[in-house]
């Protein structure tokens, strides 16, 4: 018998590729429902204060208008009542901003009304006729000013074990006594996710107590839970569908005001309602990477051993929600520093809440840490790679536990070789090519290899194909494709005979897509459900044929739509017959929820990014001419989609390093960057041919597949790699992103 | 496909123009009257003005299919395709012509359909992503995007592909750098740029008719 072909690791084309290239993929604003109407939001024009009045008469009388909803006439739902809880509850899930419930304005462009009309044009026009009257109060949107009132997050105050608490190992602030000292501040501005698909939702009350949402979300079950809670409905009465999600990068990890507004609008208008935000609204009400100030103080011995690090961070949050992220996590475990102090604080401003943006806090923290590493290496007159090797950790210095796996040295070697690190000059500004200065830099990234709880369901159909279902979403990494490959190998079935369906809260339980945890979590559930399906088939075959019942498990062969027995030419059971035997429609199994395992190891993915940049001597223009990203992410399920994900994360890092900057005019507390002409993201011409290398060594502990996760480490460490390369090229150290030409000339 | 689409242009072209001018002067007059009058009239008059703006007849050929439509002059080509014709393959990413997700071909030229009023295209031939394949047979550019994984979330993909086809036809796919320059109007936030360039180069070098 030939060994079934293996699919894990292969560069298989995406299972939904055809839909994506033909326009057949349906996103959340593209569901045709009978009687569908359009909703447009009206935002506040002040950042803080009170609505003293709202004139909706003109809008309500405009042609085609079906409803104008404000706090004065919105139906009050059980979940919209103030809970009286502190702003850390709920932290970053749930629509913490209850809209249309009171007259309070908490940020500029906060929705104050939603207008529903029979066409998009009419809704848009009528929305412009709604006028709010305000009693403004003095607002604060400036982080520098807000820093004075920075505070320890409530979650840390309540829970001494929270990683948001101050951390200390060795001696406190020991950098003061080190031989070689460094003390620098680093700032990243507010950055906005800006997925190409605008936030959109289609809300449909199928009955007074049954709600279906076609929604741009990373978690169908989390969204279901949030809105069931908001309306006081049993969860099974709410269905959330997110088959295709047009990018998110963290932006859809939270339930936002516009979703609540669309659901309210659909209720009031008694029609299915479609609401798509404008690009301008994407800045104000659906999260962003928070403006963050950091200070790193580091000391080292003259021979390049780090003796102490103190890393502090203050990130902005809103006044109604405490958003926290792991800005200081990498500092605590990446390098062997005996003395280490971290302090994490928040500054509450009159802005909308932030939300994790790709690589989240770790990418912010890595900009400071990895820049500081480069600065220290320069002070020590050491190659930055050599400096990192001298402080390499063979076990987690934060917990003292061994790594479940760590092949970061292998990544260093692969990346240095590919970028041509040996061309790098220790002295900055030493390489000039015509009008361009050339430099090299590196940055390291790490992110926890998390595995959450998940189930999966599998059904063998009479035609011998298998249908798998999971509530998980696929926001672009190729989840459906990876799961198909995992199932194909587990079942010994061709991928073409497997159909993996996702993006529906009615399917088997799965976590929200985020934190690089989906393959780690849903992958094993798919594997387990496929094994359970095989057990069930063996059992059915055994009931029909004694030869199967007495056979050893390993002698049963699954191939060509049949079960056969090794060494027995007559025993044969077709999948179709087994389905008939099981009752006719399908053989269905559901795996038990699995979860995080192993408290004995520290589990992380690792990456290193090497950049070569060219900086124009006259204009200060920075071009990333080479970018090499190497990852230790455990087993790679699909070389093609995984490589694509790494490249995409690197492009995100280019944006972070060189252009992304959402600017608020503090006089008005309103963003002046309001579209993609003001807020620049990388375009084709900004992206070089990015090279990717995977170590591709299975992790023995995270799960049976050996995966560790890719999404975040693809971005973490890229921005400092570029900033360090700019320093190497020019001798100019930019500690406040983005590195725009004005900072270099 | 017929190079010269049958002109289903309405006979009342001039009539429309006259109506438009009349309405424009009404709006101008409104703008000139003193503020108190405007505010007194605001609640009702502008609604009447809005209502009086008639829908305009429009004939289009989209993906080879003829449409005789009646549309508001303020409807963009993008919204017409998505909301009226239910051709949702063309995507809305910004509505300002900055992202390229809405790229379609108008008379063979790539156009940001969000920056273009539908009524500007009377009698013209539009091709969207839904009209690119030949039945079940994918266009070579679609094939190449699948093969090179020239996308992740898929949202910018229709625009990228429509733009890529035009880029090759225009003769702007001579090198990776030239492709990057001439594809820079199409943003991919997932960052699949390297793969998109590889797909375009593959098609260009494959020499197939695009």
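The values are calculated or read from the model by the stated rules, or taken from the named source; none is laboratory data. Keep in mind the model is a prediction, meaning the values are calculated, not measured. Cβ placement follows ideal geometry from the backbone for every residue including glycine, while neighbour counts extend to all protein chains displayed.
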Of the residues in segment A:501-518 that are at pLDDT 95 or above and not in a loop (DSSP other than H, G, I, E, B), the one that is farthest from residue A:362 (Cα to Cα) is A:501
Looking only at segment B:65-94, count every residue that is part of a loop (DSSP other than H, G, I, E, B) and either out of contact with any strand residue (DSSP E or B) (no Cβ under 8 Å at 6 or more places or on another chain) or more than 9 Å from every other protein chain (Cβ to nearest Cβ) (or both) and tell me the total.
8
Those residues that are surrounded by fewer than 24 Cβ atoms within 10 Å (Cβ to Cβ) and assigned to a helix (DSSP H, G or I), I need them from segment A:227-256; list them, please.
A:228, A:229, A:230, A:231, A:235, A:236, A:237
I'm checking my understanding of the structure. Among residues of segment B:119-136 that are within 11 Å of another protein chain (Cβ to nearest Cβ) and in contact with a helix residue (DSSP H, G or I) (Cβ under 9 Å, 6 or more places away or on another chain), which one is surrounded by the most Cβ atoms within 10 Å (Cβ to Cβ)?
B:129
Given the structure, is residue B:126 under 22 Å from residue A:19 (Cα atoms), outside any loop (DSSP other than H, G, I, E, B) and under 18 Å from the mean Cα position of the chain (by Cα)?
yes
Among A:324, A:307, A:301, which is more than 14 Å from every other protein chain (Cβ to nearest Cβ), within 26 Å of residue A:193 (Cα to Cα) and touching a strand residue (DSSP E or B) at 6+ places or on another chain (Cβ under 9 Å)?
A:324
Checking residue A:667 against (1) closer than 30 Å to residue A:316 by Cβ; (2) assigned to a loop (DSSP other than H, G, I, E, B); (3) within 12 Å of chain B (Cβ to nearest Cβ), only one condition comes out false. Which one?
(3)
Can you tell me which condition residue A:356 does not meet? The list is (1) touching a helix residue (DSSP H, G or I) at 6+ places or on another chain (Cβ under 9 Å); (2) part of a loop (DSSP other than H, G, I, E, B); (3) within 21 Å of residue A:716 (Cβ to Cβ), and all the others hold.
(1)
Collect the residues in segment A:134-158 that are under 19 Å from residue A:332 (Cα atoms) and surrounded by fewer than 19 Cβ atoms within 10 Å (Cβ to Cβ), keeping them in residue-number order.
A:152
In segment A:173-205, which residue that is farther than 30 Å from residue B:99 by Cα and assigned to a loop (DSSP other than H, G, I, E, B) is farthest from the chain's Cα centre (by Cα)?
A:179
Residue by residue through segment A:670-720, note down the ones that are surrounded by fewer than 22 Cβ atoms within 10 Å (Cβ to Cβ) and free of Cβ contacts under 8 Å to residues at least 40 places away in the same chain.
A:672, A:677, A:678, A:680, A:685, A:689
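For (1) within 10 Å of chain B (Cβ to nearest Cβ); (2) in contact with a helix residue (DSSP H, G or I) (Cβ under 6 Å, 6 or more places away or on another chain), each residue gets a yes or a no:
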residue	(1), (2)
A:617	no, no
A:623	no, no
A:630	no, yes
A:638	yes, yes
A:643	yes, no
A:647	yes, yes
A:656	no, yes
Just one of A:676, A:705 is under 30 Å from residue A:406 (Cβ atoms), assigned by TED's automatic domain parsing to the domain that holds residue A:414, touching a helix residue (DSSP H, G or I) at 6+ places or on another chain (Cβ under 7 Å) and in a loop (DSSP other than H, G, I, E, B); which is it?
A:705
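Within segment B:143-167, which residues are in a loop (DSSP other than H, G, I, E, B), facing chain A (nearest Cβ under 7 Å) and touching a residue at least 24 places away in the same chain (Cβ under 8 Å)? So that I can check it myself, show each step before the final result.
So in segment B:143-167, the residues in a loop (DSSP other than H, G, I, E, B) come out as B:149-156.
Keeping just the survivors that are facing chain A (nearest Cβ under 7 Å) gives B:149, B:151-156.
Of everything in segment B:143-167, those that are in a loop (DSSP other than H, G, I, E, B), facing chain A (nearest Cβ under 7 Å) and touching a residue at least 24 places away in the same chain (Cβ under 8 Å) turn out to be B:149, B:151, B:152, B:153, B:155, B:156.
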Just to check your reading of the model, which residue among A:67, A:47, A:59, A:24 is within 13 Å of another protein chain (Cβ to nearest Cβ) and either touching a strand residue (DSSP E or B) at 6+ places or on another chain (Cβ under 9 Å) or farther than 26 Å from residue A:215 by Cβ (or both)?
A:59
The residue from A:476, A:464 that alone is in the same structural domain as residue A:531 (by TED's automatic domain parsing), touching a residue at least 60 places away in the same chain (Cβ under 8 Å) and in contact with a strand residue (DSSP E or B) (Cβ under 8 Å, 6 or more places away or on another chain) is A:464
Considering segment B:95-118, residues that are at positive phi and more than 13 Å from chain A (Cβ to nearest Cβ), and then whichever is surrounded by the most Cβ atoms within 10 Å (Cβ to Cβ), we arrive at B:107
Residue, nearest to the other protein chains (Cβ to nearest Cβ), within segment A:270-280, restricted to residues that are crowded, with 21+ Cβ neighbours inside 10 Å and outside any loop (DSSP other than H, G, I, E, B):
A:279
Identify, by number, the condition in (1) in a strand (DSSP E or B); (2) crowded, with 24+ Cβ neighbours inside 10 Å that residue A:343 doesn't meet.
(2)
